[in-house]
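Contents: one structure, followed by commentary.
The values are calculated or read from the model by the stated rules, or taken from the named source; none is laboratory data. Given the structure is predicted, the values throughout are model-derived calculations rather than measurements. For neighbour counting, all protein chains shown are included, and Cβ atoms are generated from backbone atoms with ideal geometry for every residue, glycine included. The area values use the complete protein model at the heavy-atom level, side chains included, leaving out ligands, DNA and RNA. Shrake-Rupley method; radii C 1.70, N 1.55, O 1.52, S 1.80 Å.
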There are 2 protein chains.
Amino acid sequence: MKNDPVVAIAGVTGAVGAEFIATMDRRGFRVGQLRALASARSAGKTIDFRGQKVVIEELNDKSFEGVDIALFSAGGGIARKFAPIAVKAGAVVVDNSSAFRMDPNVPLVIPEINASRIREHKGIIANPNCAAITALVPLWPIHQRNRIKRLILSTYQAASGAGAAAMEELIESTRANLKGEAYPPKVMPHPYAFNLFNHNTAIDPETGYNDEETKVIKETRKIFEDDRIAVGVTCVRVPVLRAHCEAITFECENPITEDQVRAILSNAPGVKIVDDRTKNYFPMPIDASGQDDVMVGRIRKDLSDPSGHSISMFVAADQLLKGAALNAIQIAELVPQHAMA
Amino acid sequence: MKNDPVVAIAGVTGAVGAEFIATMDRRGFRVGQLRALASARSAGKTIDFRGQKVVIEELNDKSFEGVDIALFSAGGGIARKFAPIAVKAGAVVVDNSSAFRMDPNVPLVIPEINASRIREHKGIIANPNCAAITALVPLWPIHQRNRIKRLILSTYQAASGAGAAAMEELIESTRANLKGEAYPPKVMPHPYAFNLFNHNTAIDPETGYNDEETKVIKETRKIFEDDRIAVGVTCVRVPVLRAHCEAITFECENPITEDQVRAILSNAPGVKIVDDRTKNYFPMPIDASGQDDVMVGRIRKDLSDPSGHSISMFVAADQLLKGAALNAIQIAELVPQHAMA
């Protein structure tokens, strides 16, 4: 691959698209040429990239000619249609949607966990679900030392996970609520102002789990390469703009103490411990927003397991960064190193 | 006790105080005379009660002379000072604070669970913590049929639990945020607009649990009269006005199915099942606000326990009603029936 690759962004006008640009800038990601792709609606508009205006082009069958790296954040349907076209044109695709995540031929990568899988790609590398990334970055170094056999998660997920329109709906519906005005939901299934609700994905009528929860369960097993890890999860949308939080309880094969967890996490890549009991200062969405690390706090013995095998903690991470754009850019940075022989 | 008792409300100007008045009205609670008590700051103001103005008096040592029932929602310090004075004056006190809850001489009552304990009172009956009430009303009928041995809760708690000033802070800080203005937190320890944080009670430096969590653990054991039930809990304050939600996972002594849970809860007092997988409609704070019942939904197998002993569900209840004023009025209604011989 060239030192200064041609990079395409599919979905450049979305919430994650904007963070692709900002994250590449911030990390000094080398770009020979940027191709800004979006729907016909945005074609002809421009975005700013490193002091230059880049004209947005409509995503089509010819968009990927000459492209080295294609970053997709345009939903599963677009990815299913255009990622194979990009691969055929010679690009390596890093896709943020769920379309290819469980495909056995597609590496599902969190660089802090399984960067080495990148080299197995056949053109597409999948970026995991944001709620999965948020939990797994701090759990992985623990799991390596003392296998996690049971995991129970409750999420507090921000509007950003449903895109820029959902963030706008949270803001505008709250503004209307404060004025005593009605605001019929457009993007979300339920009123969002000062409210929370089950994650806005379809529910499996048999299991009762929503799609977000099913993703967390399946992706955890694939990323950890551990089919036996038992995961229970409740995904909830809360009226927060852009960082996800999660209350996590995990049970290990061997006894574990909070001091051991703290020692492991204090050296873990991508993790920042925020755990001040005296000041009542722990991970919060407003602090995690704009930050790269997963913040971890409230590390303590799970009192529901007297055997001493379980720990509870509370985490926060920027859904648009580590949950999406940052993780994808980290993958893209590693693609040349892990190029197939 | 007289048919039309003299009722005192200590803390009548607070968020719960207002709901005492509304709930008595709505339920036709018989009141011979109402004594409205608050701090000196509010003395001389009036409140409306059944078409009449009642002048607010400053709470003092003489406030309880001639009072039959005293409803306290004025914090632990006031309760510790004035509840014994009220009892000495001949009143039965129903206290909303945590001051007396763990006192072995004080019944801790959720009428749907342990109304019979009311008769053991020695003048004071304690109203449980709102997060505990919300979880325990639906868990009790399950626990009676198939003992719950392990319970893991994550809460999504509304501003109302911290009082009227906290609700105001959520509204005003959100209004400021939408205007791009700063709003230094006054009541809450952290910015509240579009944010969430660990519950605003002190953290035990040893265990890492906050006081709210410790209350839930201890009160569950006292109310269920089961010292072995193992409880792990994470209490989180979310930017919602007045109803608490909880993600609950419980493990029973014997195998249990979601159909069994649904059958039990469909006949449980104080419970309303809201569990529509097709419409993605489950318990939400805006629906629970102003309602008496604890709403229960997302009833499903806990996939982290392959043995089939565990169920997950999501609940919502009005913190000011079943979590506080309603439960206290329900207790007060039962006091005459359970008067000591």
### Query
Being surrounded by fewer than 21 Cβ atoms within 10 Å (Cβ to Cβ), out of contact with any strand residue (DSSP E or B) (no Cβ under 7 Å at 6 or more places or on another chain) and among the polar types (S, T, N, Q), is that true of even one residue in segment B:122-141?
no
### Message
Give all pairs with beta carbons closer than 6 Å in which a residue from segment B:177-202 that is in the same structural domain as B:THR234 (by TED's automatic domain parsing) meets a residue that is buried (at least 16 other Cβ atoms within 10 Å of the Cβ) and among the aromatic types (Phe, Trp, Tyr); count only pairs at least 6 apart in sequence or on separate chains.
### Response
B:HIS190/B:PHE197; B:LEU196/A:TYR156; B:ASN198/A:PHE282
## Note on the structure
Restricting segment B:171-182 to residues that are of a type in the set (D, E, K, R) and open to solvent by 70 Å² or more (accessible area, probe 1.4 Å), the one farthest from A:ALA176 (Cα to Cα) turns out to be B:GLU181
## Note on the structure
Per the filter on segment A:324-337, residues touching a strand residue (DSSP E or B) at 6+ places or on another chain (Cβ under 7 Å) and in a helix (DSSP H, G or I) are A:ALA328, A:ILE331, A:ALA332
### Message
Can you find, within segment B:224-280, the residue that is surrounded by the most Cβ atoms within 10 Å (Cβ to Cβ) among those that are among the charged types (D, E, K, R), in a loop (DSSP other than H, G, I, E, B) and within 11 Å of chain A (Cβ to nearest Cβ)?
### Response
B:ARG242
### Query
If you go through segment B:285-298 one residue at a time, how many are at the interface with chain A (Cβ under 7 Å from one of its Cβ atoms) and more than 17 Å from B:ALA135 (Cβ to Cβ)?
1
### Task
Residues being over 23 Å from the mean Cα position of the chain (by Cα) and farther than 30 Å from A:ILE256 by Cα: count how many of those fall in segment A:141-189.
15
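Residue-by-condition table, conditions (1) crowded, with 22+ Cβ neighbours inside 10 Å; (2) among the aromatic types (Phe, Trp, Tyr); (3) at the interface with another protein chain (Cβ under 10 Å from one of its Cβ atoms):
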position	(1), (2), (3)
B:LYS149	no, no, yes
B:SER154	yes, no, yes
B:ALA158	yes, no, yes
B:GLU169	no, no, no
B:PRO184	no, no, no
B:LEU196	yes, no, yes
### Query
Quick one: how many residues across segment A:107-121 are open to solvent by 10 Å² or more (accessible area, probe 1.4 Å) and either within 14 Å of chain B (Cβ to nearest Cβ) or among the aliphatic types (A, V, I, L, M) (or both)?
2
#### Entry: For B:ASP68: the one exception among (1) of a type in the set (Asp, Glu); (2) under 22 Å from B:GLN319 (Cβ atoms); (3) open to solvent by less than 50 Å² (accessible area, probe 1.4 Å)
(2)
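Collect the residues in segment B:90-106 that are surrounded by fewer than 18 Cβ atoms within 10 Å (Cβ to Cβ) and not polar (S, T, N, Q), keeping them in residue-number order.
Restricting attention to segment B:90-106, the residues satisfying the condition of being surrounded by fewer than 18 Cβ atoms within 10 Å (Cβ to Cβ) are B:90, B:102-105.
If the condition is that a residue be surrounded by fewer than 18 Cβ atoms within 10 Å (Cβ to Cβ) and not polar (S, T, N, Q), then B:GLY90, B:MET102, B:ASP103, B:PRO104 are the ones that fit.
I'd like to check something: does segment A:207-216 contain any residue that is closer than 26 Å to A:ASP103 by Cα, in contact with a strand residue (DSSP E or B) (Cβ under 7 Å, 6 or more places away or on another chain), acidic (Asp, Glu) and more than 11 Å from chain B (Cβ to nearest Cβ)? Steps first, please.
Filtering segment A:207-216 for residues closer than 26 Å to A:ASP103 by Cα gives A:207-216.
Now drop any that are not in contact with a strand residue (DSSP E or B) (Cβ under 7 Å, 6 or more places away or on another chain), which leaves A:207-210, A:213, A:216.
Retained after the next criterion (residues that are acidic (Asp, Glu)): A:213.
Those left that are additionally more than 11 Å from chain B (Cβ to nearest Cβ): none.
So far as segment A:207-216 goes, no, none of its residues is closer than 26 Å to A:ASP103 by Cα, in contact with a strand residue (DSSP E or B) (Cβ under 7 Å, 6 or more places away or on another chain), acidic (Asp, Glu) and more than 11 Å from chain B (Cβ to nearest Cβ).
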### Query
Which of (1) surrounded by fewer than 20 Cβ atoms within 10 Å (Cβ to Cβ); (2) touching a Pro at 6+ places or on another chain (Cβ under 6 Å) does B:GLY75 not meet, given it meets every other one?
(2)
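Go through A:SER63, A:SER97 for me and flag whichever is within 30 Å of A:ILE229 (Cα to Cα) and at pLDDT 95 or above.
Numbers: A:SER63 fails: within 30 Å of A:ILE229 (Cα to Cα).
Among A:SER63, A:SER97, only A:SER97 is within 30 Å of A:ILE229 (Cα to Cα) and at pLDDT 95 or above.
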### Query
If you go through segment B:17-63, how many residues are of a type in the set (Gly, Ala, Ser) and either surrounded by 14 or more Cβ atoms within 10 Å (Cβ to Cβ) or within 15 Å of B:SER73 (Cα to Cα) (or both)?
9
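Okay, residues lined up against (1) open to solvent by 10 Å² or more (accessible area, probe 1.4 Å); (2) away from chain A (no Cβ under 14 Å); (3) not in a helix (DSSP H, G or I):
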residue	(1), (2), (3)
B:ARG300	no, no, yes
B:LEU303	yes, no, yes
B:SER312	no, no, yes
B:LYS322	no, yes, no
### Message
Which pairs turn up if I take residues in segment B:15-39 that are assigned by TED's automatic domain parsing to the domain that holds B:GLY161 and look for partners that are at pLDDT below 95 and open to solvent by 50 Å² or more (accessible area, probe 1.4 Å) with beta carbon separation below 6 Å, at least 6 apart in sequence or on another chain?
### Response
none
### Query
Which ones in segment B:171-182 are among the acidic types (Asp, Glu) and within 11 Å of chain A (Cβ to nearest Cβ)?
B:GLU172
